[in-house]
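Quick notes on the structure that follows.
Every read-out reported here was derived from the displayed coordinates using simple, explicitly stated rules and does not represent laboratory data. The model shown is predicted, which means the values in this text are computed figures rather than measured ones. Virtual Cβ from ideal backbone geometry, glycine too; neighbours counted across all protein chains shown.
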Amino acid sequence: MNINATLILQSIAMMIFVWFCMKFIWPPLLKAMDERRERVAEGLAASDLAEKELEAAKATAGEQISEARDKAGEILDQASQRHSQILEQAKEDATGERQRQVAAAEAEIALSANQAREELRASVASLAVIGASKILEKEVDEEAHRELLDKLIAEI
Amino acid sequence: MASGTENVTPSEYIGHHLQNLTFGQHADGSWGIAHSAADAQAMGFWSFNVDTIFWAVVLGIGFYVMFRSVAKKANSGVPTRFQALVEIIVEFVDTSVRESFHGTSKFIAPLALTLFVWIFFMNLMDLIPVDWLPWVATQVGVPYQKVVPTTDVNATMSMAITVFIMIIFFSIKIKGVSGFISELTGQPFAAKGTLGKAVFFLPNLLLETVALLAKPISLGLRLFGNLYAGELIFILIAVVFTAGSGVFAAGLSSVFGEHVPAWFWILATASVFATLWLSMKGALSNKRTVLLLAIEMLLVGGLAFLGGQLMHFGWAVFHLLVVTLQAFIFMMLTIVYLSMAHEHH
């Protein structure tokens, strides 16, 4: 418990350790810690930013999805419209074709009827001539009575 | 007691434990180790407490190696656990300095860190059971060994005086010689006129000098007193509860004779602490711990040892607070004193 020269040696030792600490320990440690603090702060800021970006992206995606949905609806509408149009067209075409065919058939029928009538008329004329000649027992001059005969044919 | 084979009384045991290993000039003019307290006393000022300096330097180097190993590899990446521990301490000191010291100084923070960790390590030596290192020293032929440097008033006072020199250095550096003198003489009694200043010059100087000198003395003696008292209690626990004290050690005495050798105590203490440590690490269940402790107690031979270990353990837990707190107080007061030295009043 005597006060002795240990005082001086201990003091020198303390100075040396403090100097070491000041020179070799404190600066690198504090530098590293400050750098890490900065990096952590940066990381946190980046994660905040990323979160915001993610939200924005989500919003954009939602918009795009709804847009696409609308477009799809539109396309469907158009398709069904086109579908009905085509149906309509086909119906119209079919109706037209039918009418055309019916008309052709009718025309043919009429033609045949006319032909038949002409033939009949011709036969009737000759028959009438034959009949008349038979009745008159006299050869009717076809040339001389042409006017009369035509009149007769037209009346039939 | 435990440290010797010769018959020692409790007061001799305590005296032995409180004696530094002093190197100095003997009365006959030769240099050497003091072999008794009176011998050391006779050596006067120009002698050295070898154990104090040795342990202080060893622990200081321990501090340097521990922190330097981290500082060298320090980077801003993910820290290892050890690096994190060191950084927590550095951060803690840095915060304390920033809170108390309102100047810019590249010197105060490293000073505070060194003082805190170094004093903490020196105080921590107190938790090593009091007989271990002195016994080892005795075995290798060193008569005295006081392993806690901060229980030597020389160590604590030298640190306090170094801080005191820094206080004066910074006071003069920041405020100039005249500023420092006017600070010493211009308060606490302030006067406007020349006559008033002359009248108050001496009382002020007296009061301020006392206040200034009180700083290193209180700083050094506070640390010394706390640690010295703590060490003394450890020694007293060892005296009261360990070997040779009557009926309690009867069982052991029948095996070893009247004096139980120190290595036995060291072994026993080590095994008990190992058990407790394993238990704390979770390697042993509570039931097994209790069982093992009981067996160890029985082997060691009695309630005396049980009482001694419990007392020792309890005081060590309490002392852990003292150890940390005193290191912190020393650091904090150093910062505050130097902060005052930097400020103009």
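Worth pointing out:
- For the options B:Val317, B:Val117, B:Val148, a Gaussian network treatment of chain B with springs between C-alpha atoms closer than 10 Å singles out B:Val317 as fluctuating the most.
- Angle in degrees between helix B:286-300 and the longest Cα principal axis of chain B, rounded to the nearest 10: 70
- Placing unit charges on the Cβ atoms of the charged side chains and taking the dipole of the protein assembly as shown about its Cα centre, the candidate lying farthest along the positive direction among B:Phe200, B:Leu320, B:Thr269 is B:Phe200.
- Per DSSP, loop GluC sites (Glu not before Pro) in segment A:87-146 with at most 11 further Cβ within 10 Å: A:Glu137, A:Glu139, A:Glu143
- Counting only aspartates and glutamates at least 8 places from A:Lys52 when in the same chain, those with an alpha carbon closer than 16 Å to its own are A:Glu42.
- Rg/Rg_globular for chain B, with Rg_globular taken as 2.2 N^0.38 Å and Rg from C-alpha atoms: 1.23
- Cα-only Debye scattering, the protein assembly as shown: base-10 log of I(q)/I(0) at q = 0.09, 0.11 Å⁻¹: -0.85, -1.09
- Summary of the geometry: segment B:77-91 and segment B:133-154, compared by the centres of their Cα atoms, lie 33 Å apart.
- Radius, Kirkwood style, for segment B:142-244 when every pair of distinct Cα atoms is counted (Å): 16.8
- Cα-centred dipole magnitude for the protein assembly as shown, charges only on beta-carbon of K, R (+1) and D, E (-1), debye, nearest 20: 3500
- In segment B:43-146, the trypsin sites (Lys or Arg not before Pro) that fall in loop regions by DSSP, at most 14 other Cβ within 10 Å: B:Lys106
- Choice from B:Pro149, B:Pro110, B:Pro203 with maximal GNM fluctuation in chain B (Cα, 10 Å cutoff): B:Pro203
- Only lysines eight or more places from B:Lys215 in sequence, or on another chain, were considered; those with a Cα closer than 22 Å are B:Lys173, B:Lys175.
- Comparing B:Phe330, B:Ser76, B:Pro129 along the charge dipole axis of segment B:10-342, the residue lying farthest to the positive side is B:Ser76, per the Cβ-charge model.
- Approximating the spin labels as points 7 Å out from Cα along Cα→Cβ, the B:Ala27-to-B:Glu99 distance works out to 5.4 nm.
- Förster radius 35 Å - calculated FRET efficiency between A:Lys31 and A:Ser66, Cβ distance, rounded to 0.05: 0.10
- Placing unit charges on the Cβ atoms only, positive for Lys and Arg and negative for Asp and Glu, gives segment B:10-342 a dipole magnitude near 1160 debye about its Cα centre.
- Positive end of the dipole of chain A (Cβ unit charges, origin at the Cα centre): among A:Val124, A:Ile135, A:Ile3, the Cα lying farthest that way belongs to A:Ile3.
- Segment A:3-155: mean projected area of Cα convex hull, nm²: 21.9
- For B:Lys72, the lysines whose Cα falls under 20 Å of its own Cα, not counting residues fewer than eight places away in the same chain, are A:Lys23, A:Lys31, B:Lys106.
- Low-density loop cleavage sites - chymotrypsin sites (Phe, Trp or Tyr not before Pro) in segment B:28-105, where at most 12 other Cβ are within 10 Å (DSSP): B:Phe45, B:Trp46
- Each Lys and Arg contributes +1 and each Asp and Glu -1, all at the Cβ; summed about the Cα centre of segment A:3-155, the dipole is approximately 1740 debye.
- Calculated on the alpha-carbon coordinates, the convex hull of segment A:59-126 measures out at 32 cubic angstrom per residue.
- Short to long, the 5 Å bins of the Cα pair-distance histogram for segment B:18-116 hold 2, 11, 15, 13, 11, 10, 9, 9, 9, 7, 3, 1, 0 percent of all pairs.
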